[in-house]
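Engineer: The structure follows.
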Amino acid sequence: MPPVEQYRKTVLPSGVAVVTERLPHVRSISAGFWIARGSRDETVRQNGLSHILEHMAFKGTATRSAREIAHFLESIGGHLDAFTSKEETCFFARALDEHLPQALEILTDLVVRPRLAAADLDRERQVIMEEIKAVDDTPDDLVHDLLAEALFDGHPLSFPVLGSKENCRRFSAAELRGFWRRHYSPENFVLAAAGRLEHQRVVDLWAKHLEKVAAGKPVTSRPPAPKPGLVLRTKKTSQAHLCLGFPGIPATDPDRFALWVLNTVLGGGMSSRLFQRIREQEGLAYSVYSYLDFYRDTGLLAVYLGVARDRVQSSLALALKEIKRLKLEPLTWDELSHAKAQIKGSMMLGLESVTHRMFRVARTAISGQSFMPLGDTVARIDRITAGDIGRLAGKLFRPERLAVSAIGPLPRGRINLDGLRGML
């Protein structure tokens, strides 16, 4: 069993939340500087700026060159990384506990003092162009971007995190600096750390680093009004890549525990209904699974299949049959118990990672939730009934909520969205 959680939270005078979890049994720390902004906070013209800004922070700061940034933690055995998503940008570090001050210092430098020079942007934009091309050349990645377009058409949640090649070519250093000033300000910051640490020391160090950072003006984003549709792209690939998607629920929705169970039963592993039926029994696909995304005010449940061209229609029909079955037939006790055990085991294993635990406390703070100890989370999962799953399936899997995306050698008859909805 993971150790007893030692979670603490302090809100600095600037409004920045500092959250930590002490793990005295380890010798390392993982720290993250989180900005609660991502691609959904962009306009069409700005799409891709969040991701480029993440890259550009590593190109140099007011006090360090790109080479000095790369060497700063690696020279003491640490690791520095970052990512951008639809709603978050995160810079994070892993190091020995004795190097906590250095980790917090470099993270703050990246976020609050990036150089954002025009010459650096001209060099880095080619790197990002290659990253965009890599996704374009990977249809089993691209089809998920197409699903977001099919589900959230017209809303920033439909934008790809990487942006477009056209925008990447056009962005100026002035636009980048303007976006940074608007979004990289204390009202959007969450500072998180986990590992062998003392909470107050983390608070004191980060408060010192941020004492001269000026607050900005809160930026709000409009909630989505999903308009599920169909997005198809014909391409010469060896397989057709398909996604079925439905609007989900927000990260704070009490039904999220039931949705974890539902997703696990549907396509959350080798014992799931989709895997057993479509791959094991019918041999139609090598890869088939379902997954969840949770956002501030909505979410997504999606099913992915990679199949041969002549198996597109039959695979989609079988996937929809399994989805519909969740609405009509109660789960058996064995199936429900197995899904719960799978989720709890995965949670326990994940908590053995210091970085995973840092991510967990950070996302709790970003979403505005109260921290839920592991025991309480397990209890909520244990209380889920077959009736909860049936009720939630009926709520989510309505025909008019279905969106579909596909890329590859699509069948001559293409894909008929109304026909697929009729199967639900």
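Engineer: Can you sort GLU87, GLU400, GLU175, GLU149 from fewest to most other Cβ atoms within 10 Å of each residue's own Cβ?
Structural biologist: Details: GLU87 24, GLU400 7, GLU175 16, GLU149 19.
With the sparsest Cβ surroundings first, the list reads GLU400, GLU175, GLU149, GLU87.
Engineer: Can you list residues whose amide H is under 5 Å from ILE249's amide H, if they're 5+ apart or on another chain and H is modeled 1.01 Å from N?
Structural biologist: Answer set, sorted by chain and number: GLY299, LEU300.
Engineer: Would you kindly state how much longer the chain becomes between LYS236 and SER337 on full extension, computed as 0.36 nm times their sequence separation minus their alpha carbon distance, in nm to one decimal? Write down the numbers at each step before the final one.
Structural biologist: Working: separation 101, 0.36 × 101 = 36.36 nm, distance 4.29 nm.
Here the answer is 32.1 nm.
Engineer: What percent do you get for the relative contact order of the chain when only Cα pairs under 8 Å and 6+ apart count? Let's see the in-between values first.
Structural biologist: Details: 794 pairs, mean separation 91.5, N = 424.
Once divided by the residue count of the chain, the mean separation gives 22 percent.
Engineer: Testing the spin-label approximation: label points 7 Å from Cα along Cα→Cβ at ILE76 and ASP418. State their distance in nm.
Structural biologist: 6.6 nm
Engineer: Once both axes come from the Cα atoms, what is the angle between helix 354-367 and the longest principal axis of the chain, in degrees from 0 to 90, rounded to 10?
Structural biologist: The angle comes out near 80 degrees.
Engineer: Here's something else I'd like to know. Once you keep just the Cα pairs under 8 angstrom separated by 6 or more residues, what percentage relative contact order results for region 200-294?
Structural biologist: On the way: 48 pairs, mean separation 17.7, N = 95.
Relative contact order, region 200-294: 19 percent.
Engineer: For LYS208, go through the lysines and keep the ones whose alpha-carbon is under 28 Å away, minus same-chain ones fewer than eight residues off.
Structural biologist: Of all the lysines, those that pass the test against LYS208 - Cα under 28 Å, at least 8 places apart if same chain - are LYS9, LYS59, LYS217.
Engineer: So what are the ³J(HN,Hα) numbers for region 87-102, from phi and the Karplus equation (6.51, -1.76, 1.60; θ = phi - 60°), rounded to whole Hz, Gly and Pro as x?
Structural biologist: Along region 87-102, the couplings run 10, 9, 10, 9, 10, 9, 9, 10, 7, 5, 4, 5, 9, 3, x, 5 Hz.
Engineer: Got a sec to turn the phi values of region 69-83 into Karplus ³J(HN,Hα) couplings, 6.51 cos²θ - 1.76 cosθ + 1.60 with θ = phi - 60°, whole Hz, x for Gly and Pro?
Structural biologist: The phi angles translate into 4, 4, 8, 4, 8, 4, 5, 10, x, x, 9, 10, 7, 7, 8 Hz.
Engineer: How far is helix 386-396 tilted, in degrees, relative to the longest principal axis of the Cα atoms in the chain, given as a value from 0 to 90 rounded to the nearest 10?
Structural biologist: Relative to the chain, helix 386-396 is tipped by roughly 90 degrees.
Engineer: Further question on the same structure: For region 7-210, just run the numbers: alpha carbon Rg, then divide by 2.2 N^0.38 Å, N being how many residues it has. Can you show the working numbers first?
Structural biologist: Values: Rg = 17.6 Å, N = 204, 2.2 N^0.38 = 16.6 Å.
Ratio of Cα Rg to 2.2 N^0.38 Å: 1.06.
Engineer: Would you mind classifying the chain by shape? Square roots of the alpha carbon gyration tensor eigenvalues, ordered a ≥ b ≥ c; an a/c under 1.5 is rounded, otherwise it is prolate if a/b is larger than b/c and oblate if not.
Structural biologist: Values: a/c = 2.06, a/b = 1.37, b/c = 1.51.
It comes out oblate by the Cα gyration axes.
Engineer: Please work out how much length the chain gains when fully extended from GLU352 to ALA317, using 0.36 nm per residue of separation minus the C-alpha to C-alpha distance, in nm with one decimal.
Structural biologist: Details: separation 35, 0.36 × 35 = 12.60 nm, distance 3.97 nm.
Difference between extended and current length: 8.6 nm.
Engineer: Check the straight Cα-Cα distances from LYS227 and name the lysines below 29 Å, setting aside those fewer than 8 residues away within the same chain.
Structural biologist: LYS86, LYS133, LYS165, LYS235, LYS236, LYS321, LYS324, LYS327, LYS395
Engineer: Let me ask you something else. Using Cβ contacts closer than 10 Å as the measure, can you line up ILE249, ILE52, ILE132 from fewest to most? Mind showing how you got there, number by number?
Structural biologist: Values: ILE249 22, ILE52 25, ILE132 18.
Starting with the residue having the fewest Cβ neighbours, the order is ILE132, ILE249, ILE52.
Engineer: Follow-up. Which whole-Hz couplings ³J(HN,Hα) result when phi for each residue of region 294-303 is put into the Karplus expression 6.51 cos²θ - 1.76 cosθ + 1.60, θ = phi - 60°, listed in order with x for Gly and Pro?
Structural biologist: Once θ is set to phi - 60°, the couplings for region 294-303 become 10, 10, 4, 9, 7, x, 8, 10, 9, 10 Hz.
Engineer: Additional query: Let me have the relative contact order for region 251-397, percent, based on Cα pairs under 8 Å that are six or more residues apart.
Structural biologist: Details: 155 pairs, mean separation 42.7, N = 147.
Once normalised by length, the contact order is 29 percent.
Engineer: Based on the alpha carbons, how large is the Rg to Rh ratio for region 231-371 when Rh follows Kirkwood? Write out the running numbers ahead of the final one.
Structural biologist: On the way: Rg = 16.8 Å, Rh = 16.7 Å.
Reported Rg/Rh (Cα atoms, Kirkwood Rh): 1.01.
Engineer: Now, a different point. Nearest 10 degrees, 0 to 90: what angle lies between the long axis of helix 256-267 and the longest principal axis of the chain (Cα atoms)?
Structural biologist: 50 degrees
Engineer: Something else about it: Going by C-beta contacts inside 10 Å, put LEU328, LEU205, LEU104 in order with the fewest on the left.
Structural biologist: Values: LEU328 9, LEU205 20, LEU104 23.
Exposure proxy ranking, most exposed first: LEU328, LEU205, LEU104.
Engineer: Using just the helices of the chain, give the 222 nm mean residue ellipticity in deg cm²/dmol: DSSP H runs with n ≥ 4 each add -39,500 (n - 2.57), and the total is spread over all residues, rounded to 500.
Structural biologist: Numbers: 15 runs with 179 residues, N = 424.
The helix-only estimate for the chain comes to -13000 deg cm²/dmol at 222 nm.
Every number in this text was worked out from the coordinates using simple rules, so none of it is lab data. None of these values were measured; they are calculated from a predicted model. Here Cβ is always computed from backbone atoms with ideal geometry, including for glycine, and neighbour counts include all displayed protein chains.
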